[in-house]
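Notes for the one structure printed next.
FYI, it's all coordinate maths here, none of it is from the lab. Note that this is a predicted model, so its numbers are computed, not measured. Glycine gets a Cβ as well: all are built from the backbone with ideal geometry, and neighbour counts include every protein chain shown.
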Amino acid sequence: MSQHNKWLSLIKEHFDQHEAKGAFQILFPEYRPDLSLALANYLELDFYDYRKSSMLSRGWDAGKISLEDMTSTLLNESKKSALVIHNIEALLVTKSERERKQWLTDFFSIDWPNTIVLPIAIFQSDTPEGHPRVCDIELVQFPRQSFLMQLAM
């Protein structure tokens, strides 16, 4: 099995154990926007870039977005379709460790209208340890990223 298929297969297996429904956090070994998009395509979910869609227009004030506002936005987006949410860590970085941990824990108790998947690369230590809907692929080697993709992201 190629490295490309291995990481996707591990996530799909975890996903299917929970009937592909509800909330999931996937611990990525590195920040890879291209692989967040590949994950969305593989799981047949829509891709939503939180930073681009919700933070970019706010400029320097983007860090003032509350976690409650982010939750509200994600709830609205998840009403439309099942999602892989990319770049939530862009907002989480502006919050305290306590706030991040609480939000990442509370994420699982929200009644999401559709399946919602969060790839996490930076704040893995803030995710709820041992939670059955956290899929840790930290030790899986990702496929190499081309130089052009590095420049594009």
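Every condition in (1) of a type outside the set (S, T, N, Q); (2) more than 15 Å from the chain's Cα centre (by Cα); (3) under 19 Å from Phe28 (Cα atoms) holds for Glu99 except the one numbered (3). Would you confirm, using the coordinates I've provided, whether Asp34 is in contact (Cβ under 8 Å) with a residue 12 or more places away in the chain, surrounded by 13 or more Cβ atoms within 10 Å (Cβ to Cβ), acidic (Asp, Glu) and farther than 24 Å from Pro132 by Cα? Yes, satisfied.
Scanning segment 37-47 for residues that are assigned to a helix (DSSP H, G or I) and of a type in the set (A, V, I, L, M), which turns out surrounded by the fewest Cβ atoms within 10 Å (Cβ to Cβ)? Only one residue tops the list, namely Leu37. On the given criteria, is Asp61 within 12 Å of Gln25 (Cβ to Cβ) and either under 17 Å from the mean Cα position of the chain (by Cα) or not aromatic (Phe, Trp, Tyr) (or both)? In short, no. Take the conditions within 23 Å of Glu89 (Cβ to Cβ), surrounded by fewer than 18 Cβ atoms within 10 Å (Cβ to Cβ) and without any contact (Cβ under 8 Å) to a residue 12 or more places away in the chain and apply them to Asn5. Does it pass? No: the conditions fail for Asn5.
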